[in-house]
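Here is the structure we will look at, set down as structure tokens.
Bear in mind these aren't lab numbers, they're just calculated from the coordinates by the rules spelled out. As the structure is a computational prediction, the values presented were derived from the model and not from experiment. For neighbour counting, all protein chains shown are included, and Cβ atoms are generated from backbone atoms with ideal geometry for every residue, glycine included.
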Amino acid sequence: MPKTQFTAAFVKDVDPPASGQVLYFDELLPGFGLRVTTGSKSFIAEGRVKGRKRRITIGSTDKLPLAEARKLAKQELAAMTVGIDRNKAKAEERAKGLVLRDALDLYEQDQDLRPRTAQENRRFMEKDLGDWLAKEVKSITPTMVVRRFDMLSERHPSVANHVF
């Protein structure tokens, strides 16, 4: 990962890679970076939260001047230093209010399932997890999952595997 002193000219003129992404990091502010992909350039902040590496997108270079991005990066890096994980907070916010039925719908949209497979998945879910379909995903605990899996396994192990 190349290090350089960020200037407005550098950010504007950096060439996109042929494929994938390239990360550049600022020499003046450790953890402040630039992610360049084939179609965009974004400022990032990368640091550790409780020993785990975290990368946060600050904003697009098209909409955010370098000085403002550097200021926001300092704030994000300071938050990481005291243990605040913005990515985890965002994930929790997305999961808030997501019920199992909606999660199943999202799964079916993301997967390239044959119609019969999707129909069979939904049938199993409604039959074996029907009382959970209106529950928030976040409220379904690992203990609940293990209990239900064990209960379904007693009836038919392959069904339990399919459902979960």
GluC sites (Glu not before Pro) restricted to the range 13-100 and DSSP loop, no more than 13 other C-beta within 10 Å: 27
Qualifying trypsin sites (Lys or Arg not before Pro) for the range 60-141 [loop in DSSP, other Cβ within 10 Å: at most 16]: 63, 96, 135
For residue 58, distant residues with modelled amide H under 5 Å away: 43, 44, 45
Nearest-20 debye value, the range 1-116 charge dipole, Cβ charges on Lys, Arg, Asp, Glu: 420
Choice from 38, 81, 143 showing the highest fluctuation, given a GNM over the chain with Cα pairs closer than 10 Å: 143
Where only alpha carbons of the range 27-70 are counted, the Rg and the Dmax (Å): 11.0, 33
Cα-Cα over 26 Å, subset of 12/88; 88/135; 53/138; 50/135: 12/88; 50/135
